[in-house]
Amino acid sequence: MPTQIGSATDWAQVSAGGSQTLGIKQNGTLWAWGSNLDGELGTGDNDERLVPTQIGSATDWGVVSAGDGYTLALRTDGRLFAWGANYTGQLGAGDYDGRTEPTAIDPTQRYKYASASHAYGWAQSIAVRTDGTAWGWGDNRFGELGTGDTDTRNAPAQIGSASDWATVSAGTNGHSLGIKTDHTLWAWGSNSSGQLGTGSPADHHVPTQVGTSATWASATAAYAFSYGIGFDGTLYGWGSNRNHQLGRDWVVPKPKVVSDASWKVLAAGLNVTFGIRTDGTLWRWGGTAGTFAGPATPQPVGTDDDWVAVTSGGVHALAVKADGTLWAWGDNHSGELGTGDTTRQKDPTQVGTATNWASVSAGSETSFAVTATGELWAWGYNKHGRLGLGSSGDRHSPTRVGTATTWASVDTSSNPINPFTVALRTDGSLWEWGTNTFGQLGTANTTPSTRRRVSARRRIGSAPAREASSRWR
């Protein structure tokens, strides 16, 4: 059954790194749990934490960005702190020694934005000061620091001379993106798959403008590909497209509109993307295996125009219509479609006859849904109690999880090896269940959980700084 993470109802934000999680509470305190091999939790040691543990006693943490094996965080006054692994100088402390506690970086300066990379062993960090200048440190083998060379830096080095940077994003494969206050988009570093969007395969060691548009709202550097959103809500993608994640060719060297239609909902699954347009029609593109193989450009899923929600798991999808009915399609090895059997469905098939479904989340052979009346339901594969039912055995039809009517939302992992689920209740309390290999459930041990309440026993100092994230506009 769902296991609450402590009893607190004042969580404001969480940031997930390579194998650690940090969270900020409304009172500005910082908390951490999970793996701590490199001191990435900031607890002063290398012991993993199985429950949220406070980091120090500060109450003025403002923003946190958890990378792979290390963490960056900002206080509300703009002071920058870092801790964890430092193999490439990614902490910016002037050396290559790891830190197990938050360490002030560039203490005389003030920052407004920081981005940690998820590239373990060759990570770069990018940040923006309050004066609008951009700075980088860490790995630089592809010029991803934007300093004009490929020399690694273990302390902040200025990126060019511009003082009008707004946000930055450190990618996981040697490239970085930045947006200026005039809303122009810039890129630098590796361009092996066209991820810089400059239209050529050449790397760039200094920020290079991407096109001429001055309408960029946000941009995210991923693994050898990039996404950006314009102020009109248009989604753009460029770079590697081996799994059609950009909806077009194998390599997209310049930002291309995935679709010029107006979209309101997007859901990315295992190499496949589903989207709902503002006219209520459902579309899909990408996919490499089974039911979801192809296509490379958005194609309609049926002709209905009353879709309101969609989610994609490993190789199955769930969606809700405006009338509150639930639909499912794709692979069905463990009954994850909820149709009462294990038969694969190529097209959306209605699940039962209920008309009060509100939200859905699809994982790896598992499905979860919340009704308009606050009930939580689950079905599909149930090893390690991943459905939260308090018992084992797959479920081929929606099965109610407990008796509570105060569930607000649910989100389940699509990781087939260490799956777990997190959910919120209307009182703001946080609950988790499933596998617990890395202590991700916060239950004070690594035992899989089917039903157990956990109390937070340790305080992890000040609350993690809020992590910036790309949001659809």
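The values are calculated or read from the model by the stated rules, or taken from the named source; none is laboratory data. Everything numeric here is computed off the predicted structure, so don't read it as measured data. Counting neighbours? That spans all protein chains shown, and the Cβs are built from the backbone with ideal geometry, glycine included.
Would a scan of segment 268-278 turn up a residue that is farther than 21 Å from Ala322 by Cβ, modelled with pLDDT of 80 or more and of a type outside the set (Phe, Trp, Tyr)? Before you say what the answer is, go through the steps one by one.
Of all residues in segment 268-278, those farther than 21 Å from Ala322 by Cβ come to 268-273.
Next, from what is left, pick out any that are modelled with pLDDT of 80 or more: 273.
Still in the list and also of a type outside the set (Phe, Trp, Tyr): 273.
Checking segment 268-278: at least one residue is farther than 21 Å from Ala322 by Cβ, modelled with pLDDT of 80 or more and of a type outside the set (Phe, Trp, Tyr).
Restricting the search to segment 362-382, which residues are surrounded by fewer than 24 Cβ atoms within 10 Å (Cβ to Cβ) and farther than 13 Å from Gly335 by Cβ?
Keep residues of segment 362-382 that are surrounded by fewer than 24 Cβ atoms within 10 Å (Cβ to Cβ), which gives 364, 370-375, 381-382.
Passing the criteria: Ser364, Val370, Thr371, Ala372, Thr373, Gly374, Glu375.
For a quick check of your reading of the model, give me the residue pairs whose first member lies in segment 196-210 and is hydroxyl-bearing (Ser, Thr, Tyr) and at pLDDT 95 or above, whose second is surrounded by 14 or more Cβ atoms within 10 Å (Cβ to Cβ) and part of a loop (DSSP other than H, G, I, E, B), with beta-carbon atoms closer than 8 Å and at least 6 apart or on different chains.
Note: pairs meeting the criteria are Thr208/Leu196; Thr208/Thr198.
Within segment 121-163, track down each residue that is in contact with a strand residue (DSSP E or B) (Cβ under 9 Å, 6 or more places away or on another chain) and closer than 25 Å to Thr21 by Cβ.
Within segment 121-163, Trp122, Ala123, Gln124, Ser125, Ile126, Ala127, Val128, Trp137, Gly138, Asp139 meet the criteria.
Can you pull out every residue in segment 295-345 that is in a strand (DSSP E or B) and basic (Lys, Arg)? Please lay out each step first, then the result.
So the first thing to find is which residues in segment 295-345 are in a strand (DSSP E or B), and the list is 299-300, 307-312, 316-321, 326-330, 345.
Passing the criteria: only Lys321.
Out of Ala116, Ala104, Ala127, which single residue is within 17 Å of Gly42 (Cα to Cα) and within 23 Å of the chain's Cα centre (by Cα)? Even if it seems obvious, please write down each step before you answer.
Values: Ala104 fails: within 23 Å of the chain's Cα centre (by Cα); Ala127 fails: within 17 Å of Gly42 (Cα to Cα).
Exactly one residue qualifies, and that residue is Ala116.
Return a yes/no flag: does segment 223-244 have any residue that is aliphatic (A, V, I, L, M), in a loop (DSSP other than H, G, I, E, B) and farther than 26 Å from Arg284 by Cβ.
From segment 223-244, those aliphatic (A, V, I, L, M) are 224, 229, 235; that's our starting set.
Cutting the leftovers down to in a loop (DSSP other than H, G, I, E, B) gives us 224.
Next cut, farther than 26 Å from Arg284 by Cβ only: none.
Checking segment 223-244: not a single residue is aliphatic (A, V, I, L, M), in a loop (DSSP other than H, G, I, E, B) and farther than 26 Å from Arg284 by Cβ.
Among (1) farther than 16 Å from Thr167 by Cα; (2) at pLDDT below 95; (3) small (Gly, Ala, Ser), which single condition is Ser115 missing?
(1)
Please work out if Ser57 is in contact (Cβ under 8 Å) with a residue 40 or more places away in the chain and farther than 25 Å from Gly132 by Cβ. Break it down stepwise before answering.
On the way: in contact (Cβ under 8 Å) with a residue 40 or more places away in the chain: yes; farther than 25 Å from Gly132 by Cβ: yes.
It is true that Ser57 is in contact (Cβ under 8 Å) with a residue 40 or more places away in the chain and farther than 25 Å from Gly132 by Cβ.
For every residue, the table says whether it meets (1) among the polar types (S, T, N, Q); (2) closer than 22 Å to Arg75 by Cβ; (3) in contact with a helix residue (DSSP H, G or I) (Cβ under 7 Å, 6 or more places away or on another chain).
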| site | (1), (2), (3) |
| --- | --- |
| Thr133 | yes, yes, no |
| Arg153 | no, no, no |
| Ala166 | no, yes, no |
| Ala170 | no, yes, no |
| Ser176 | yes, no, no |
| Thr181 | yes, no, no |
| Ser218 | yes, no, no |
| Ser226 | yes, no, no |
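Pairs under 8 Å by beta carbon, first residue over 14 Å from Gly335 (Cα atoms) in segment 391-406, partner among the hydrophobic types (A, V, I, L, M, F, W, C) and part of a loop (DSSP other than H, G, I, E, B), six or more apart or different chains?
Val401/Met1; Val401/Leu387; Val401/Leu389; Gly402/Met1
State which residue is farthest from Ser7 (Cα to Cα) when the search covers only segment 36-71 and only residues that are more than 18 Å from the chain's Cα centre (by Cα) and of a type in the set (Ser, Thr, Tyr).
Thr43
Do any strands (runs of 3 or more DSSP E) lying entirely in segment 359-473 carry at least 2 residues that are modelled with pLDDT under 85, and which ones are they?
On the way: elements: 366-371, 376-380, 395-400, 407-412, 420-425, 430-434.
Those strands (runs of 3 or more DSSP E) span 420-425, 430-434.
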